[in-house]
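Undergrad: Before I ask anything, let me first share the structure, which is written out below as structure tokens.
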Amino acid sequence: MTDTTSVLGYAWPMVVSPGEEVAFHLSSPSVSKAEAALVRVRCGDPDPAGPGIRVLEMDAPFERTVPLVHQVLRPGSCAIVADAPPLTSFRSFTVGAFLWPTMPGDRAQTILSRWREDTQEGWRLGLDAEGHLEFVVAAGGRTWRVATTAALLSREWVLAGASWDAEAGRLAVMVRSADPQAGRDRSERVEAAGPTGLEWPAAVPLVIAAHATDGDGQLFDGFYDGKIDRPRVHASVQPIDGLHRLCESVSFPTADARVVAAWDFSREIASERVTDLSAHHLHGTLRQMPTRGMTGANWDGSTDRWTDCPAQYGAIHFHSDDMADAEWEPTVRFTVPAEWRSGFYALRLRAEAGDEPVESFVAFFVRAEPGKPRSKLAFVASTGTFLAYANSALRLDQVHAEAMLEGVLTLSRDDVYIQEHREVGLSTYDTHADGSGWSISSARRPILNMRPRGNVFNYGNDTHFIDWLDETGQDYDVITDDDIHRRGVQVLAPYTCVVTGSHPEYISREVWEAFDAYQRGGGRHMYLGGNGFYWRIAYHPTVPHTIEMRRGMTGLRTWEGEAGETALAFTGEPSSTWRSNGRPPQRLVGVGFDGQVFTHSSPYRWLDGAKDPALSWLTEGIDLAAPLGDFGLRGNGAAGVEIDRVDFSLGSPPGTVWLATADRLGYGGTPAPEEIRTLHRGVMGDQNAQVRADLVYFPTANGGAVFSTGSIAWVCALSHAGYRNNVSQLTGNVLRRFLDPRPL
Amino acid sequence: MLVTYPEAAHWPIDPDRLDLVEEFRRQPRGPHGDELQKLLHRLRWAGDPDQPGRYVLIVTQPGKEWMLGRLPRQRGKPIELMRNHVFTSIAEAEWEVFKLRWEAVTGRTLPPHLSEKLA
């Protein structure tokens, strides 16, 4: 068994041009050094039934032995407000906010604090280990505490606060339930003895959704799970009505000098800043990217997008397991030689640790330098999809996984690691520890399933196409989703043909429109996958290689978004599927997602459309009476896993030539949720011809064209029988013609 | 928040239907008849409620060798590796897991001719 996890790391940036520097941020808890090599990836799938792992060691000036130290991952999001005189200029005060806790009773959690854990000084409002609201004030070795008698409910809004009356020497906690009916009421006020005077600790940040562990303001603990809306600090003792007025207020006249801070999370939603509306301007910074643009306690259902009424979206959903930046120190840096071809690359790290050899890869991509293509062909690294699936724990956490995959779960060494080490941060397929959906994914952390020898879905499958290109001697450039998003069609335009791989599923508006413009401009697009152009995502406006998606309530969703929360915080755009955004994939690539099949994959059968003599270039050397792709590494067929179909009512162009179909998928063919309008039996693939994979071709404007296979399994059939098979032949026929500049 | 529950699969299993056991043994990877599909759905969805975790396979040599394990239901808790249960084919592993599940859900031991390893 190869140990793939004792050394982990990430490359930053994840995508570089020749001549640019990439830094590898590495860590190992057990290995002090590793033998390092830079490799070009040809095939990342270790399956012995296929080509196997194929990497080319690059001749590059690079340190061969890399020293390693253990670098800790610190998940958990919070807002940090740097210390400032107004935060210590008062004695008596009230603090509070609207709360929607998601894990009360799981462990102690801090909501608002100016607290040093190491010296146990300051104040903090939080939930105790049983879920009671508690308020703690401490100084000089003495601690005063007050807590509610009832634990808060999960996923129910409350107004929650506390006060210290220094004159009377009293502490109070107070809760008012937004819905006090039918067993939900947790409203109460509890008082206890407090100090009459104390010294606040010096130089401690005010922290929202956590507390500082020491005076440095760098490390935090006590992370809270759930939403916080409109937190306030007021230098007076307020009853619950007074706190309620403060939290409902959205403007704070300077006449009330007792307003210490009043944060409005509905401002600058697309940023990592939180805004204080008070005269003190105690603005804060977010760490580990909690989810913004979330419905607040005042959301009334009048809109489902924060851009329509930001005031109803003043909540941030904090998660104790948010992870957007590993913050590891760089271990080694490398400047990519100017002469390197673009491609999938990795740093390979080998070491001996105990009984098993360590071999761990850290992936990065070298893009073709913008404006300087070296080939007429570009292959797109689906980095949006790679990020969406980064460290997926779907099979570990989700009840349906084994039934969906039609067999006992087979887990890799990486899965074993992720089960135990959730601090690496999960994928947009997963839920946070509190059950809410994971909507943000960043490359500034180790990604175990985007590298050779990792789980093969997406990255590993796509390398089968790279392997085929190398095998057939076809030159190509590699470009990435990230580049297409940033620079638009100019990234695609220099190429006569652009190929998207097995699963270009996660697409921003910018990427969609770049492909649309490319096709209109005479470009040739080969889409050799399934379930492509499916979800609408956004890239972070300033942080590279960071995506956001919201599942909403349609589409094949492993979690369901909350009502009112389908708009992306990064851009304000709606998310969910492209089909529900008026752009079914059929419109762009002729076919669109309709189902999954994991029992077995199937061959296609040729249709009359393929027999048109004008398309002889496409079918040359292929027996149209024989099944197309009755072999392959994914279910022993070229049509399978996730599949797409033609539908003219959903936008397949009238000029679509329907070449072949695989519509006899058996009982394992399961339709996508959006393919079923009403409930009835007979929807599975053994009875329903709409669960199928279709192969299509259509010409576009200015001599361009599109060829789509509608199946994830396609590229994993290319290497069958020494690459001499009809899937390989057809792919080659189309590619050859698509690279020919004569109009189609 | 829409949640899926492991106890939701409730197709009644008849412990006398050894014909379904025989059908699975013949073709662990399918295709399966309608009733065997329903039996398998129940077992797979439920995820071994009598065990400390769901039975899973750990790939020890890609495409060649797998080890049985138990995946705890609690995040962060390590997968239990069952080093005495190693398989050289997925079909063999599927059969072993099926037998464990059948006996757990029916409370009955399989007759000798159905409790052997897959040939």
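Undergrad: Fully extended, how many nm does the chain gain between residue A:62 and residue A:251 (0.36 nm per residue separation, minus their Cα-Cα distance)?
TA: 62.3 nm
Undergrad: To the nearest 20 Debye, how big is the dipole of the protein assembly as shown about its Cα centre, given +1 on the beta carbon of each Lys and Arg and -1 on that of each Asp and Glu?
TA: So the dipole magnitude of the protein assembly as shown works out to roughly 960 debye.
Undergrad: How big is the charge dipole of segment A:78-318 about its Cα centre, in debye rounded to the nearest 20, if each Lys and Arg gets +1 on its Cβ and each Asp and Glu gets -1 on its Cβ?
TA: I would put it at about 200 debye.
Undergrad: Also, quick follow-up: How much FRET efficiency would the formula 1/(1 + (r/R0)^6) give for residue B:4 and residue A:686, where r is the Cβ-Cβ distance and R0 is 30 Å, rounded to 0.05?
TA: With a Förster radius of 30 Å, E is 0.80.
Undergrad: Under a 5 Å amide H to amide H cut-off, with H placed in plane at 1.01 Å, what residues pair with residue A:526 once short-range neighbours are removed?
TA: Those qualifying (amide H under 5 Å, at least 5 residues apart or on another chain) are A:498, A:499, A:500, A:707.
Undergrad: Rg (Å, one decimal) plus Dmax (Å, integer) for the alpha carbons of segment A:428-506?
TA: Rg then Dmax for segment A:428-506, in Å: 15.7, 50.
Undergrad: Ok, one more. What number, rounded to the nearest 500 deg cm²/dmol, is the helix-based mean residue ellipticity at 222 nm of chain B, given -39500 (n - 2.57) per DSSP H run of at least four residues and division by all its residues?
TA: Counting only the DSSP helices, I get -10500 deg cm²/dmol.
Undergrad: Please give the length that would be gained between residue A:203 and residue A:156 if that part of the chain were fully extended, namely 0.36 nm times their separation in residues minus their C-alpha to C-alpha distance (nm, one decimal).
TA: 13.4 nm
Undergrad: Using the alpha carbon gyration tensor of the protein assembly as shown, what are the three equivalent-ellipsoid semi-axes (square root of 5 times each eigenvalue), largest first, in whole Å?
TA: In descending order the semi-axes read 49, 32, 27 Å.
Undergrad: Starting from the alpha-carbon convex hull of segment A:292-361, give the projected area averaged over all orientations, in nm².
TA: 10.5
Undergrad: A further question follows. Which semi-axes, in whole Å and largest first, does the equivalent ellipsoid of segment A:569-680 have when worked out from the alpha carbon gyration tensor as the square roots of 5 times its eigenvalues?
TA: Semi-axis lengths for segment A:569-680 are 28, 20, 13 Å.
Undergrad: Can you give the average number of partner chain beta-carbon atoms within 10 Å of each beta-carbon in peptide B:74-84, as a whole number?
TA: Other-chain Cβ atoms within 10 Å of each residue's Cβ, averaged: 3.
Undergrad: Can you give the FRET efficiency for residue A:486 and residue A:626, using 1/(1 + (r/R0)^6), R0 = 45 Å, r = Cβ-Cβ distance, to the nearest 0.05?
TA: The pair residue A:486/residue A:626 has a calculated efficiency of 0.50.
Undergrad: Just going by the charge dipole of the protein assembly as shown, with Lys and Arg at +1 and Asp and Glu at -1 on Cβ, which of A:15, A:744, A:90 is farthest out on the positive end?
TA: A:744
Undergrad: For n ≥ 4 DSSP H runs only, could you compute -39500 (n - 2.57) per run for chain A, divide by its residues and tell me the 222 nm figure to the nearest 500?
TA: Computed mean residue ellipticity for chain A: -3000 deg cm²/dmol.
Undergrad: Set Lys and Arg Cβ to +1 and Asp and Glu Cβ to -1, take the dipole of the protein assembly as shown about its Cα centre, and tell me which of A:646, A:65, A:337 lies farthest positive.
TA: A:646
Undergrad: Related question: Which residue, chosen from A:368, A:404, A:297, occupies the Cα position most advanced towards the positive end of the dipole of the protein assembly as shown, where the dipole is computed from +1 (Lys, Arg) and -1 (Asp, Glu) charges on Cβ about the Cα centre?
TA: Towards the positive end, the residue furthest out is A:368.
Undergrad: Now for a separate question. Please order A:229, A:59 by the number of other Cβ within 10 Å, starting at the fewest.
TA: So the residues, fewest neighbours to most, are A:59, A:229.
Undergrad: Counting other beta carbons within 10 Å of each Cβ, put A:735, A:405, A:730 in order, fewest first.
TA: With the sparsest Cβ surroundings first, the list reads A:405, A:735, A:730.
Undergrad: Among the GluC sites (Glu not before Pro) in segment A:153-189, which ones are in a DSSP loop with at most 12 other Cβ atoms within 10 Å of the Cβ? Mind listing them?
TA: Those that pass, being in a loop and sparsely packed, are A:167.
Undergrad: What does the structure give for B:47-60 when I average, per residue, the other chain Cβ atoms found within 10 Å of the residue Cβ?
TA: Partner Cβ neighbours, averaged per residue: 4.
Undergrad: Take A:309, A:247 and order them by how many other Cβ atoms sit within 10 Å, fewest up front.
TA: In order of increasing Cβ crowding within 10 Å: A:309, A:247.
Undergrad: Run the dipole for segment A:291-345 about the Cα centre, Lys and Arg Cβ at +1, Asp and Glu Cβ at -1, nothing else charged, and hand back the magnitude in debye, nearest 20.
TA: 220
Undergrad: Measuring from label point to label point, each 7 Å out along Cα→Cβ, what is the residue B:61 to residue A:118 span in nm?
TA: Each label point lies 7 Å from its Cα, and together they span 5.2 nm.
FYI, it's all coordinate maths here, none of it is from the lab. Keep in mind that this is a model prediction, so the values were computed, not measured. Every residue, glycine as well, gets a Cβ built from its backbone with ideal geometry; the counts of neighbours run over all protein chains shown.
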